[in-house]
1. Out of the residues in the range 87-99 that are out of contact with any Lys or Arg (no Cβ under 9 Å at 6 or more places or on another chain), closer than 18 Å to Leu38 by Cα and outside any helix (DSSP H, G or I), which is farthest from ligand 2 (Cβ to nearest atom)?
2. Find all pairs meeting these conditions: Cβ atoms under 8 angstrom apart; at least six residues apart or on different chains; first residue within the range 29-57 and outside any helix (DSSP H, G or I); second residue of a type in the set (S, T, N, Q) and surrounded by 15 or more Cβ atoms within 10 Å (Cβ to Cβ).
3. State which residue is farthest from ligand 2 (Cβ to nearest atom) when the search covers only the range 123-137 and only residues that are more than 15 Å from Ala153 (Cβ to Cβ) and not in a loop (DSSP other than H, G, I, E, B).
4. Name the residue, out of Gly54, Gly90, Gly75, that is within 16 Å of ligand 1 (Cβ to nearest atom), of a type outside the set (A, V, I, L, M), more than 27 Å from Asp197 (Cβ to Cβ) and surrounded by fewer than 21 Cβ atoms within 10 Å (Cβ to Cβ).
5. Answer yes or no: is there a residue in the range 72-85 that is more than 20 Å from Pro147 (Cα to Cα), of a type in the set (S, T, N, Q) and more than 9 Å from the chain's Cα centre (by Cα).
6. When both residues are 6+ apart or on different chains and their Cβ atoms are under 7 Å apart, which pairs have a first residue that lies in the range 149-166 and is free of Cβ contacts under 8 Å to residues at least 12 places away in the same chain, and a second that is within 14 Å of ligand 2 (Cβ to nearest atom) and assigned to a helix (DSSP H, G or I)?
7. Scan the range 100-117 for residues that are closer than 17 Å to Leu43 by Cα and either assigned to a helix (DSSP H, G or I) or within 11 Å of ligand 1 (Cβ to nearest atom) (or both) and jot them down.
8. Residue by residue through the range 157-172, note down the ones that are touching a Ser or Thr at 6+ places or on another chain (Cβ under 6 Å), in a loop (DSSP other than H, G, I, E, B) and either within 16 Å of ligand 1 (Cβ to nearest atom) or within 14 Å of His87 (Cβ to Cβ) (or both).
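Bear in mind that the values in this text are calculations on the coordinates, not laboratory data. Keep in mind it's a predicted model, so treat the numbers as computed, not measured. As a convention, Cβ positions derive from the backbone with ideal geometry for all residues, glycine included, and neighbour counts pool all protein chains shown.
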Amino acid sequence: MGKVVDNTEQATFTNMVEGTQEDWGKIAKHAMQFSKGLADRVLDHLRLLDGDFGGFPIDRLQHSLQTATRAHRDGRDTEYVVCCLLHDIGDTLGSYNHADIAAAIMQPFVSEKNHWMIANHAVFQGYYFFEHLGMDKNARDQFKDHPYYEYTAQFVHLYDQAAFDPDYESEDLAFFEPMVREVFKQPKRSLYLDVLDKNDG
Ligand SMILES: [Fe+2]
Ligand SMILES: [Fe+2]
């Protein structure tokens, strides 16, 4: 038997076919509250990369911070820097498709261009090491004619593949937290955008 529910706070249906507008009003209220904590949950998840070296010279959190720091010091805007910070957040759950995880988390909040860059960065990163694994280092060329090819190649070259230096002094995570909160404050794209707009405030 499940927990006793407080009907003033929770929907009472046992099948969605029985759901009412009142039920969904309660759920929407909770969802609005819960979504406000997204930036904190993302930051908590990013911290899971701390101490995860995976054979690299620096751990994955330090790699993320270094990627973001290099971009920030190079004058990139907040959205871009946050993409840098979070581009490998999928390493914990997406062992075979980590770029897809970061891209899915960021998709509502960033431009199509930045989303594409994050979603495809892994194959572009391969240009710098795939040959050492007997793979095709030019696999990125499948996107040669894509409008975001150069943009993504540049991200990987300047910031991602370059961010494994144990002697580089990166900013810490606290430095980037306000930027993460700013980017995750308001979705630009979502199936639920109309509902969010109506319930905002
Ligand atoms: Fe990556
Ligand atoms: Fe990376």
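1. Leu93
2. Leu48/Thr92; Leu49/Ser64; Leu49/Thr92; Asp52/Thr92
3. Glu131
4. Checking each option against the conditions leaves just Gly54.
5. yes
6. Sorted first by the residue in the range 149-166, then by its partner, the list stays empty.
7. The answer is Ile101, Ala102, Ala103, Ala104, Ile105, Met106.
8. Taking the range 157-172 as the starting set, the residues that turn out to be touching a Ser or Thr at 6+ places or on another chain (Cβ under 6 Å) are 159-160, 163, 170-171.
Restricting the remaining residues to those that are in a loop (DSSP other than H, G, I, E, B) gives 163, 170-171.
Ala163, the sole residue that qualifies.
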